[in-house]
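Engineer: Structure below; questions to follow.
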Amino acid sequence: MPVNPADSPVLGVLYGTDAMRDAMGERAFLRRMLEVEAALARAQARLGIVPAEAAEAITRAADVDRLDLKALGAATRNTGYPVVGLVKQLTALAGEAAGRWTHWGATTQDIMDTAVVLQMREGLGLIRAELLATNAGFSRMAREHRDTLMAGRTHLQHALPVTFGYKVAVWLAPLLTMVERLDQMRPRVERLQFGGAAGTLASLGDQGLAVQRELAKELGLALPDIPWHVARDGIGEAICFLGLLCGALSKIATDVMLMMQTELGEVNEPHVFGRGGSSTMPQKRNPIACEYILAQSRGVHALVPQVLAAMAQDLERGTGPWQAEALAIGQCFNLAHGALAQARFLAEGLVVDPARMRRNLDATGGLIAGEQVMMGLAPVLGRGEAHHVVNRACDTAIARGIPLAQALEEEPEVASRIERDRIAELCDPANYLGSAGAFVDQVLRRMG
């Protein structure tokens, strides 16, 4: 049975996704290594290094379903890597005449690194598709609630009025940037690794660069300017990107969880019968999606340092750091995709309660308009005096439980200079939204 819950048949439904497990799992890794071996034979056949019929036989034999996994496991335990056993089996499956050309001029890490790159390419494609769908959901939400008034909070306290559309646009903007980051990053990540034993391709003589070029073309990967056996910045960047993405998702989950509290009740996760329920309390609708966004994001954030630490590769082939990557890459992709899937669930179905937002906004009797009133009185009283007067009126409103407007009307400096209608206008939070709507519009324009 799996040790990691994200890979188990029961708890795995809460962590990651089946699609990402299919892309990043061991079976996919073996399939991708066979794909690299077959592509290498075809590339070399085009250059006249390997007989065409041998390349065809190797390609036909490169079928993961034909591998003896038990024997491959035994060989891997013995050598420390799966490539030796895999090449031995592929050679036998291709037949004696063709098999002798298998793995020509390559080294173990060429095959494993390029296989991982192919897995990451598929994984990043899954991330991108889910991210676009999530962004589309939040953009619709921001547009719909562009002018939905609510309390903005700092230090968990009422601060100034905002709109829910503004809040959603704040969530959305980093996710739009994540798409840009992803698209800019992929050419740096999706690169061929092919350098031979020490990265010089000496085993291929003067044909090394030509083989490298043809192999990159065969696999649809970018051609690096030098082999990167011990220069792991591409993998590090991919994992750091997943960490950034999960950080942005964590902010959304944290906000939604806080707003779902019974005392606030401004939003709720999409309701599915029984989801988020309690074994003893039938009324409960717990923030399950948010909880698993945070849990999976923390899992990714814990693994990012492991991958970055693995960049300290020694000389021309790492003795340990490279092997540590395998413990983190697949899990990072799986957990990040799982967090993103939960965020999409929120983006496409979050239940919003504008009436509750308004009641919460009004709960302090207009105190949220404190800065608004001060700025309105400043041209008349001067900024310092206006701050002093409004501060005193707020203290009065809190002590006596009366609206701020009433407390202001009892202030002689205010009552003698400001009409009652103007005081009411200054205490209306709808009149103090600043550029909130314009900010929402600017973010939405990035959606195209």
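The values are calculated or read from the model by the stated rules, or taken from the named source; none is laboratory data. This one's a predicted model, so the numbers in the text were calculated from it and none came from an experiment. Counting neighbours? That spans all protein chains shown, and the Cβs are built from the backbone with ideal geometry, glycine included. The accessibility values were calculated without ligands, DNA or RNA, using every heavy atom of the protein model including side chains. Shrake-Rupley method; radii C 1.70, N 1.55, O 1.52, S 1.80 Å.
Engineer: If I fit a long axis through the Cα atoms of helix 233-260 and take the longest principal axis of the Cα atoms of the chain, what angle between them do I get, 0 to 90°, rounded to 10?
Structural biologist: Here the helix axis deviates by roughly 30 degrees.
Engineer: Let me ask you something else. Give me, ordered by chain and number, the residues 5 or more places off Val50 or on other chains with an amide H under 5 Å from its own placed amide H.
Structural biologist: Residues meeting the amide H criterion: Ala45.
Engineer: Right, here's the next one. Would you calculate a helix-derived [θ] at 222 nm for the chain, using -39,500 (n - 2.57) for each DSSP H run of n ≥ 4 and dividing by the full residue count, to the nearest 500?
Structural biologist: Mean residue ellipticity at 222 nm (helix-derived): -20500 deg cm²/dmol.
Engineer: While we're here: Given the Cα-Cα distance of Ala198 and Glu291 and 0.36 nm per residue of separation, how much length would full extension add, in nm?
Structural biologist: 28.9 nm
Engineer: Take Met1 and Asp225, extend 7 Å from each Cα along the Cα→Cβ direction, and tell me the distance between the two endpoints in nm.
Structural biologist: If labels sit at Met1 and Asp225, their model points lie 5.2 nm apart.
Engineer: Hey, another quick one. How large, in percent, is the carbon and sulfur part of the accessible surface of the range 247-388 at a probe radius of 1.4 Å?
Structural biologist: Carbon-and-sulfur percentage of accessible area, whole number: 59.
Engineer: Let me ask something else. Carbon and sulfur atoms: what percent of the 1.4 Å accessible area of the range 123-208 do they account for?
Structural biologist: 53
Engineer: Which trypsin sites (Lys or Arg not before Pro) does the range 349-417 hold that lie in a coil by DSSP with at most 16 other beta carbons within 10 Å?
Structural biologist: Sparse-neighbourhood loop trypsin sites (Lys or Arg not before Pro): Arg417.
Engineer: Given contacts defined as C-alpha pairs under 8 Å and at least six residues apart, what's the relative contact order of the chain, whole-number percent?
Structural biologist: So the answer I get is 18 percent.
Engineer: Provide Leu308, Leu204 ordered by accessible surface of protein heavy atoms (probe 1.4 Å), highest first.
Structural biologist: Of Leu308, Leu204, the descending order of accessible area is Leu308, Leu204.
Engineer: Full-extension gain between Asp147 and Arg128, please, as 0.36 nm times their residue separation minus the C-alpha to C-alpha distance.
Structural biologist: Difference between extended and current length: 3.9 nm.
Engineer: Hey, what's the chain come to in accessible area per residue, 1.4 Å probe, Å²?
Structural biologist: 47
Engineer: Work out the FRET efficiency for Arg100 and Arg445 from their Cβ-Cβ distance, taking R0 = 51 Å, and round it to the nearest 0.05.
Structural biologist: The calculated FRET efficiency here is 0.25.
Engineer: Round to the nearest 10 and report in Å² the accessible area of Leu377, as given by a 1.4 Å probe over the protein chains' heavy atoms.
Structural biologist: Its accessible surface works out to 0 Å², give or take rounding.
Engineer: May I ask you to list the trypsin sites (Lys or Arg not before Pro) in the range 93-191 that are in a DSSP loop and have at most 16 other Cβ atoms within 10 Å of their Cβ?
Structural biologist: Answer by residue number: Arg100.
Engineer: In nm, give the distance between the simple-model label positions of Asp68 and Thr254, each being 7 Å from the Cα along the Cα-to-Cβ direction.
Structural biologist: 5.5
Engineer: Quick one: putting +1 on the C-beta of Lys and Arg, -1 on the C-beta of Asp and Glu, what dipole do you get for the chain around its Cα centre, in Debye to the nearest 20?
Structural biologist: That gives a dipole near 480 debye.
Engineer: Still on this structure, I have one more. Kindly state, as a whole number, the per residue volume in cubic angstrom of the convex hull around the alpha carbon atoms of the chain.
Structural biologist: 183
Engineer: Another one. Length gain on complete extension for the stretch Arg140 to Arg213, per 0.36 nm per residue less the alpha carbon to alpha carbon distance?
Structural biologist: 21.8 nm
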